[in-house]
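J.: Below are the structure tokens for one structure; questions will follow.
The values are calculated or read from the model by the stated rules, or taken from the named source; none is laboratory data. What you are looking at is a predicted structure, and each value in this text was computed from that prediction instead of being measured. Note: ideal-geometry Cβ built from the backbone for every residue, glycine included; neighbour counts use all protein chains shown. Remember, those area values only see protein heavy atoms, side chains included, never the ligands or the DNA or RNA. Shrake-Rupley method; radii C 1.70, N 1.55, O 1.52, S 1.80 Å.
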There are 2 protein chains.
Amino acid sequence: MIDDLPAGLTARHLADDDHPRVLAVLDGWWGGLKGEAGSTERALLLPRLYFQHFNTTSLLVEHDGGGGVAAFLVGFLSQTEPDTAYVHFVGVDPALHGQGVGRALYRAFFALARSHGRRHVHCITSPENTASQAFHTRLGFTASGVKPDYDGPGLDRVAFTIDL
Amino acid sequence: MIDDLPAGLTARHLADDDHPRVLAVLDGWWGGLKGEAGSTERALLLPRLYFQHFNTTSLLVEHDGGGGVAAFLVGFLSQTEPDTAYVHFVGVDPALHGQGVGRALYRAFFALARSHGRRHVHCITSPENTASQAFHTRLGFTASGVKPDYDGPGLDRVAFTIDL
């Protein structure tokens, strides 16, 4: 379902059973950022509900032959804004960075969003994550500047928007 | 929009601007459970995206005359299962417990879900939250028993389902 992935990788929609497999790779991919508290924070941002109720716009990339999780994207169609879709959480195995996997996932999500009549995609990242900000800018997203306490006290965010 | 609330309370759909107001009451309502880490956990479970993209099935109850937040319910329609809706997070001011506010919020959500053709509602709670489990059972939900690591390592949950 994604035709511009590197050889040896295959994409499909996320399923409920993928939840523990995806959580299991996060600490390694995020370099154990913030230790056990960081691990809990990442789990709380990615509850199982996304793997149950937003599968139709969420994707998993795996290594062929049972080689494990390579990347994922969790996104949804806005219920409130009929022309908007939202990317909530994306991860790519650091060993695969620079090979276009993240770009391929976003393009596949854009195509899914367009097929549901969506014209805008939003997402956020933390101000510290400059690599993520550069990535979204390269993809064509426009950044908002830092919004203090956007997701709660101390949880500053940068908001990104792209027109499809 | 909810006609069985106690006098002096009014309901409306949640709006983006309500996010900081709702987060601000959580620590008091949860009795400061788990201190600063608990405060961050609650914020991470309730990112602003719910207040932007799921307003049509999320509700706020306020005291009349600008008296502040009394209760709220954040829920959504499943994208994956066209007959299912999901209640993600509910809070009621402890000073109002026992007055039917939570029940009124759930009934209003059930009506919204039915109006979108939904026949089942799911939600979860933590095994420690026996008051929540008793509340959902009284409402007519069926409990799953404890599911270990349901939302991640150490994040056990009890799942509830009701047929509309």
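J.: Residue-wise, which Karplus ³J(HN,Hα) couplings in Hz belong to the stretch B:60-69, taking 6.51 cos²θ - 1.76 cosθ + 1.60, θ = phi - 60°, and x for glycine or proline?
T.: 10, 10, 10, 6, 4, x, x, x, x, 6
J.: Using 1/(1 + (r/R0)^6) with R0 = 51 angstrom and r between the beta carbons of B:A143 and A:D156, what's the FRET efficiency to the nearest 0.05?
T.: Working: r = 38 Å, r/R0 = 0.75.
Given R0 = 51 Å and the Cβ-Cβ separation, E is 0.85.
J.: Sort A:D18, A:D83 by heavy-atom solvent-accessible area, probe 1.4 angstrom, most to least.
T.: Putting A:D18, A:D83 in descending order of accessible area: A:D83, A:D18.
J.: Here's a follow-up. Label A:A37 and A:A134 with points 7 Å out from Cα along Cα→Cβ: what is the distance between them in nm?
T.: Here the modelled spin labels are 2.8 nm apart.
J.: When a/c reaches 1.5 or more, the comparison of a/b and b/c decides; with that in mind, is the stretch B:31-164 rounded, prolate or oblate per its Cα gyration tensor?
T.: Cα axes put the stretch B:31-164 in the rounded bin.
J.: For chain B, report the accessible area per residue in Å² (1.4 Å probe, heavy atoms, rounded to an integer).
T.: 43
J.: Below 12 angstrom from the Cβ of B:D27, what's the summed charge of the other residues (Lys, Arg +1; Asp, Glu -1)?
T.: Every neighbour counted, the sum reads 0.
J.: Does the stretch A:39-82 come out rounded, prolate or oblate, given a ≥ b ≥ c as the square roots of the eigenvalues of its C-alpha gyration tensor, rounded meaning a/c under 1.5 and, failing that, prolate meaning a/b above b/c?
T.: Here the stretch A:39-82 falls in the oblate category.
J.: When the solvent-accessible surface of protein heavy atoms is calculated with a 1.4 angstrom probe, in what order do A:V25, B:V22 fall, highest first?
T.: So the residues, ranked largest to smallest area, are A:V25, B:V22.
J.: Follow-up question, since we're still on this one. Output wanted: per-residue J couplings in Hz (rounded whole) for the stretch A:17-22, from phi through Karplus 6.51 cos²θ - 1.76 cosθ + 1.60, θ = phi - 60°, x for Gly and Pro.
T.: Karplus values, whole Hz, x for Gly and Pro: 5, 6, 3, x, 5, 6.
J.: If you don't mind, another one. Just the number, please: carbon plus sulfur as a percent of the accessible area of the protein assembly as shown, 1.4 Å probe, no ligands or DNA/RNA counted.
T.: 52
J.: Over the heavy atoms of A:R21, what accessible area does a 1.4 Å probe trace out, to the nearest 10 Å²?
T.: 90
J.: To the nearest 10 square angstrom, how much accessible area does A:I162 have with a 1.4 angstrom probe?
T.: Number for this one is 20 Å².
J.: Pull out a ≥ b ≥ c, the square roots of the eigenvalues of the alpha-carbon gyration tensor of the protein assembly as shown, then state rounded if a/c is under 1.5, prolate if not and a/b is larger than b/c, and oblate in the remaining case.
T.: Verdict is prolate for the protein assembly as shown.
J.: Let me check something: with ligands and nucleic acids excluded, how do A:R42, B:R114 order by accessible area (1.4 Å probe), largest to smallest? Could you put the intermediate results ahead of the total?
T.: Working: A:R42 20, B:R114 130 Å².
Correct descending sequence by accessible area is B:R114, A:R42.
J.: A:K34: which lysines have alpha carbons under 23 Å from its alpha carbon, excluding same-chain residues fewer than 8 sequence positions away?
T.: A:K147, B:K34
J.: Can you give the mean number of other chain Cβ atoms that lie within 10 Å of the Cβ atoms in peptide B:75-84? Before the final figure, lay out the partial values.
T.: Details: counts 0, 5, 2, 6, 11, 12, 4, 0, 0, 2.
That works out to 4 on average.
J.: What is the gain in length, in nm to one decimal, between A:D83 and A:H120 on full extension, counting 0.36 nm per residue of separation less the C-alpha to C-alpha distance?
T.: Gain on extension, A:D83 to A:H120, equals 12.7 nm.
J.: At what distance in nm do the modelled label points of B:D64 and A:H13 sit from each other, each positioned 7 Å from its Cα along Cα→Cβ?
T.: 4.7
J.: Is there a simple number for the mean count of other chain Cβ atoms within 10 Å of the Cβ of residues in A:133-140, and what is it?
T.: Rounded to a whole number, the mean comes out at 0.
J.: In addition: Shielding of B:147-156 by partners, i.e. mean partner chain Cβ atoms within 10 Å per residue?
T.: Across the residues of B:147-156, the mean count of other-chain Cβ atoms within 10 Å is 5.
J.: Tell me the mean residue ellipticity at 222 nm calculated for the protein assembly as shown from its helices only (DSSP H runs of n ≥ 4, each -39500 (n - 2.57), averaged over every residue, nearest 500).
T.: Numbers: 10 runs with 106 residues, N = 328.
Calculated from helices alone, the mean residue ellipticity at 222 nm is -9500 deg cm²/dmol.
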